[in-house]
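The structure appears right after this line, and notes come after that.
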Amino acid sequence: MNIDSLKGKLLAHAFWAAASAFVLGLFLVRTMKDADLPDVTVAVLSGLSLMVVLFWTRRSVRRLATGETAKQQANQFLWSCVFLGMISLGFGMQVAGFAWFSTDFMRTFGAVFWAALTAVSTYPIHRDAKRLADAAGHGRG
C-alpha cells in the first residue's frame, strides 16, 4: 500500500468537509439576511454534503483501522476532521458577515482571525492523516 496516496485520500476527505462547511457558513448568514429559495437551497445542500462527507470519511477510516494503534489514529483523524469543519463553518460565517454586511473593524478583524485559525488548523489534519496512513500501512503488511 502506498502511504502517500492514502494520505492524499484522507486529506481529500478532510478538505471536502471543510469546503462544505465553509459554503454552509456563507449561506447560513445569507439565509438569515434574506430567506429566499436559492440561499436556503444552497445552505441545505451544503449541509447535506457536509454530513455525507463526514459519514463517508468515518466509513473509510474505520475500514483502515485494523490494529489498536490504527483505531486510535482513526479516532484522532475523525475528530480533527470534525473540528476543521467547525472552524471552516465559523470562517464562512465571518466572510459572509464581512461581504454582505458592514465592513467595520470588527468584521474585518473577525474574518482575518478566522482565516488565520483555519490556516493553522490544517496542520493537525496533515499530521493525523500521516499518522493514520503510517499505522494502516504497517498494519496491512
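Throughout, read-outs are computed from the coordinates displayed, never taken from laboratory work. All values derive from a computational prediction rather than experimental measurement. Ideal geometry is used to build each Cβ from the backbone, glycine not excepted, and the neighbour counts take in all protein chains shown.
Place +1 on the Cβ of every Lys and Arg and -1 on the Cβ of every Asp and Glu in the chain, take the dipole about the Cα centre, and give the residue among Ser80, Met106, Thr66 whose Cα lies farthest towards its positive end.
My answer, from the dipole projection, is Thr66.
PRE reach from Gln76 (point 7 Å along Cα→Cβ): which of segment 111-128 fall under 18 Å by backbone N?
Only 121-128 pass the distance filter.
Per q in 0.17, 0.20 1/Å, what log10 I(q)/I(0) does a Debye calculation on the alpha-carbon atoms of the chain return?
Per q value, in the given order, log10 I(q)/I(0) is -0.87, -1.06.
Among Val82, Val52, Val29, what is the fewest-to-most ranking by other Cβ atoms within 10 Å?
The fewest-first ordering by Cβ neighbours comes to Val52, Val82, Val29.
Hey, what number do you get for the chain at 222 nm if only DSSP H runs of n ≥ 4 count, each worth -39500 (n - 2.57), divided across all residues, to the nearest 500?
After summing the helix terms and dividing by the residues of the chain, the value is -31500 deg cm²/dmol.
In terms of Cα to Cα distance under 14 Å, which aspartates and glutamates are near enough to Lys9, apart from those fewer than 8 places away along the same chain?
Asp128, Asp134
As a footprinting exposure proxy, order Leu48, Leu89, Leu54 by other Cβ within 10 Å, with the fewest listed first.
Leu48, Leu54, Leu89
To make sure I understand, if each residue's beta carbon is the centre and we count other beta carbons within 10 Å, what order do Lys7, Lys71, Lys33 fall in, fewest to most?
By the 10 Å Cβ count, ascending: Lys33, Lys71, Lys7.
Using Cα positions and a limit of under 26 Å, work out the lysines in reach of Lys7, with same-chain residues fewer than 8 apart set aside.
The qualifying lysines are Lys71, Lys130.
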